Amino acid sequence: MEVVVLGCRKFGKVHLRALSSLKVPYSIMERNPDVLKDCASTFSPLRTFSSIDEVLRSNADVVDVVLPHNLHRQVVVEALKAGKHVLVEKPIATTVEEGEDMIKASKEYRRKFMVAEQYFFDPTVKAVSSMIREGKLGKVHTIVVRDQRFYDHTGWRTDPTVMGGGALIDGGIHYVDTILNFGGDYEGLTASVSHVGSTLKGRTTRWHSSSLGLGPLAYFYTLGPTEGIPFSQASRS
C-alpha cells in the first residue's frame, strides 16, 4: 500500500511523521519545488509528485488530502473517481453540500473515504461517552466546551472564503465532534456569533446551544485568550 500526502506544509508534515512512525509506505505531492525538495530530504518518501494530476494517474492506493478547505471537495471527488481511497483533513468541507458530494462519490465509486478527526478516537472522549451512556455520571443536562487559544494564523487561514468560516470550522470543529459524541445527535440549534481580536477574518467567537439526543443542553465557545476559565466542564443532576 502506498499513501500519497497532498501538501507538505505544517499539517502535511504532521501526517508524514505519523505515517513514518506507523511504517506505512508514503509519497509526497507538493507544488512548490523548494518545499518539495526540503520535505523529500526530511522524510525520504518512496517518490515525489509535483501535481495532483500526476498522483491521480499513478498506481498509488490512498490519497491523504492536507490542502486548504475550499479545495477538499474537488480533490476528494477526483481522487475517488480515479480509484483512490481518500483521507481528508478536517473539516470535511466548507459547506454541507460539498461534504455530501464527497460521501456520494465514495459510495458511487466504491472507495473508502474518511475525515481525519482525531478527537473522535481520543481515549478520554470515548471513556466519557461510555460513562454518559451507561448512566455513571447521572443525568447530564449541560456540557460546556471552551477553546481558549488565540488564533494568530497567516496565509490562507486568514481568508474566510478559503476557510469556509473562522475559528469554529477550523480548530473548533474538534469540539463540535466531541459534543456530538457526548450528547448524541442534535435536535435543535441556536447560535450567536462575533469577531474578537484574531488574524482569522471569519467569526472567531461562537456560542451554540443544542438540544442533543440524550437530553443535555450543550454550549460551545470559541474564544480568544481568557485567563482562569476551564477547558471543559459538565453538570449533572
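Shown for Arg110, Arg17: other C-beta atoms within 10 Å of each C-beta, ranked fewest to most, produce the order Arg110, Arg17. Amide hydrogen proximity for Phe49: with H placed 1.01 Å from N in the peptide plane, the residues at 5 or more positions away or on another chain lying under 5 Å are Ile28, Met29, Glu30. For a straight C-alpha distance cut-off of 14 angstrom, the aspartates and glutamates reachable from Lys13 (same-chain residues fewer than eight places away being disregarded) are Glu30, Asp38, Asp64, Glu89.
Here the label points at Val14 and Ile103, each 7 Å from Cα along the C-beta direction, are separated by 2.4 nm in the simple model.
When region 52-133 is described by a simple charge dipole with +1 on each Lys and Arg Cβ and -1 on each Asp and Glu Cβ, the residue from Met114, Val77, Ala93 located farthest towards its positive end is Met114.
Taking every C-alpha pair closer than 8 Å and separated by at least 6 residues, the mean separation divided by the residue count of region 1-146 gives a relative contact order of 18 percent. The fewest-to-most ranking of Ile103, Ile179, Ile173 by surrounding Cβ atoms within 10 Å reads Ile103, Ile173, Ile179. Less than 5 angstrom separates the built amide H of Leu67 from those of Glu89, all sequence-distant by 5 or more or on a different chain. Counting only residues at least eight positions apart within a chain, or on another chain, the lysines with an alpha carbon under 19 Å from that of Lys107 are Lys81, Lys84. The Cβ shell under 10 Å around Leu6 holds other residues with a net charge of -2, Lys and Arg each +1, Asp and Glu each -1.
In a shell of Cβ-Cβ distance under 13 Å around Glu97, excluding Glu97 itself, what net charge do Lys and Arg (+1) and Asp and Glu (-1) give? After counting each charged neighbour, the total is -1.
Coordinate-derived values only; no laboratory data. Given the structure is predicted, the values throughout are model-derived calculations rather than measurements. Every residue, glycine among them, receives a Cβ derived from its backbone with ideal geometry; neighbour counts consider all protein chains shown.
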